[in-house]
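**Student:** After the structure tokens below, expect a handful of questions from me.
Only the coordinates and a few stated rules stand behind these numbers; no lab work does. Predicted, not measured: the structure shown is a model, and the values here were computed from it. When we count neighbours, we look across all protein chains shown, and the Cβ atoms used for this are built from the backbone with ideal geometry, even at glycine.
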Amino acid sequence: MPSHLLSFADLSYADIISLLDTASDLKEKRERGKTLDTLKNKSLGMIFEKSSTRTRISFEVAMTELGGHAIYLNYKDIQIGRGESLADTARVMSRYVHGIMGRVYKHETLIELSKYSDVPVINALSDLEHPCQLLADLMTIREYKGKFKGLNFSWVGDGNNVCNSAILACALTGMKMTVACPEGYEPKHEFVQKAKELGGAINIIRDPVKAAKNADILSTDVWVSMGDEEEYDQRLHDFRRYQINSKLLEQAKHDVMVLHCLPAHRGEEITAEVVDGPHSAVFDQAGNRLHTQKALLLKLLS
Ligand code: CP
Ligand code: NVA
């Protein structure tokens with residue numbers, strides 16, 4: 001296991017399988033009401049520059065249920081918000097907590113924190129990636145499909161942070177990835193390049209119908225990510241053909257599963273009938289954040 005989790009590519013295939021096995025075991029234990037205190041007296045400092053429902057709650061509950069403690073730190077309330085350097089913040093926090101989790105605008109913020117931190121730093125969403133999300137997505141895919149290798153994973157919509165991590169996750173687990181996005185919204189070249197170096201099969205196309213054809217997994221995310229709000233009108237216009245709806249679903253395999261990291265904007269990137277319909281796995285996916293992050297915390301903080 002790496003000492004930090006900043007990019008999904010920090011994980012090897014063996015790391016992923018080990019994390020998912022631990023997560024499944026922890027999920028089963030929780031369902032049986034079995035409690036753990038493996039992280040007793042350990043604390044996680046959670047720096048948030050952006051809003052969160054799932055990430056904040058699942059990390060906080062994960063720490064509680066492992067016997068530890070999580071501290072929510074809105075960046076405006078800590079001295080970073082008044083100009084204290086990331087380097088000093090990381091050095092000071094390392095003397096108190098056993099792990100630092102950050103949801104930030106710029107990915108470099110996490111790199112800077114990890115450079116000066118003596119404790120593991122976890123990426124809880126940056127402009128480039130959302131590795132914790134992809135751990136939960138993989139767990140959900142394994143629960144529904146029982147395997148990864150050879151599955152067709154199709155992404156329809158913005159080639160954004162979640163998409164970048166999905167590209168790496170597909171390459172590492174042997175899923176064939178197709179991304180259908182409008183011109184100008186492609187995933188970053190470095191992620192496509194990295195996926196190819198890892199032996200991944202990845203296709204960037206324009207046509208969402210082509211992407212949906214034979215898909216085992218159809219995934220999307222919001223058209224307007226946090227930080228992109230000024231482009232709202234332009235994006236709504238540019239993405240209008242990239243909605244996951246019943247018609248698009250018909251192109252996919254009969255047992256296609258639909259993923260969305262949430263929050264969902266019904267009527268924009270996905271319709272209500274799909275996100276609330278029989279192919280949707282989005283609430284299991286959100287639920288699995290708790291178990292995969294517990295597994296991650298056990299590996300990094302123990
Ligand atoms: N999917 C996800 O990370 O959700 P939040 O923004 O609510 O944390
Ligand atoms: N792409 C979205 C994901 C939110 C969980 C964003 O960055 O806002």
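**Student:** Quick one: if the Förster radius is 35 Å, what FRET efficiency do Ile57 and Ile17 give, using the C-beta to C-beta distance and rounding to 0.05? Present the calculation step by step, with values, prior to reporting the outcome.
**Tutor:** Numbers: r = 26 Å, r/R0 = 0.75.
E between Ile57 and Ile17, to the nearest 0.05, is 0.85.
**Student:** Taking θ as phi - 60°, what are the ³J(HN,Hα) couplings along region 34-44 by the Karplus curve (6.51, -1.76, 1.60), each to the nearest whole Hz, with x for Gly and Pro?
**Tutor:** Computed from phi, the couplings for region 34-44 are 7, 9, 10, 9, 4, 9, 4, 6, 9, 10, 10 Hz.
**Student:** Which stretch or stretches of region 38-63 have amide N atoms under 15 Å from the point lying 7 Å from Tyr96's Cα along the Cα→Cβ direction?
**Tutor:** 42-48
**Student:** If amide H atoms are built 1.01 Å from N in the plane of the peptide, which residues on other chains or at least 5 residues away come under 5 Å of the amide H of Met257?
**Tutor:** Residues meeting the amide H criterion: Ile217, Leu218.
**Student:** Classify the chain as rounded, prolate or oblate, taking a ≥ b ≥ c as the square roots of the eigenvalues of its Cα gyration tensor: rounded when a/c is under 1.5, otherwise prolate if a/b is larger than b/c and oblate if not.
**Tutor:** prolate
**Student:** Turning to a different aspect of this structure: Distance check, please: which entries in Lys76/Lys299; Lys29/Lys50; Lys42/Lys145; Lys106/Lys253; Lys115/Lys294 exceed 27 angstrom between their Cα atoms?
**Tutor:** Among Lys76/Lys299; Lys29/Lys50; Lys42/Lys145; Lys106/Lys253; Lys115/Lys294, the Cα-Cα distance tops 27 Å for Lys76/Lys299; Lys29/Lys50; Lys42/Lys145; Lys106/Lys253.
**Student:** From the phi of every residue in region 148-160, what ³J(HN,Hα) in whole Hz does the Karplus formula 6.51 cos²θ - 1.76 cosθ + 1.60 yield, where θ is phi - 60° and glycine or proline is x?
**Tutor:** These are the phi-based 3J(HN,Hα) values: 10, 3, x, 6, 9, 9, 10, 10, 10, x, 6, x, 9 Hz.
**Student:** Please list the non-local residues whose amide H lies under 5 Å from the amide H of Met101, H modeled 1.01 Å from N, same-chain partners needing a gap of 5 or more.
**Tutor:** Gly45, Met46, Ile47, Ile122
**Student:** Taking 0.36 nm per intervening residue step and subtracting the Cα-Cα distance, what contour gain separates Phe283 from Ile78 on full extension?
**Tutor:** Fully extending the segment from Phe283 to Ile78 adds 70.5 nm.
**Student:** May I ask you to evaluate 6.51 cos²θ - 1.76 cosθ + 1.60, the Karplus curve with θ = phi - 60°, for each residue of region 66-71 and list the ³J(HN,Hα) values in order in whole Hz, giving x for glycine and proline?
**Tutor:** 9, x, x, 9, 10, 10
**Student:** So for Ile202, Ile270, fewest C-beta neighbours within 10 Å to most, what's the order?
**Tutor:** On the way: Ile202 21, Ile270 27.
Starting with the residue having the fewest Cβ neighbours, the order is Ile202, Ile270.
**Student:** Can I ask one more? Please report Ile71, Ile217 as a ranked list, fewest other C-beta atoms within 10 angstrom at the top and most at the bottom.
**Tutor:** Numbers: Ile71 15, Ile217 26.
Taking fewest neighbouring Cβ atoms as first place, the list is Ile71, Ile217.
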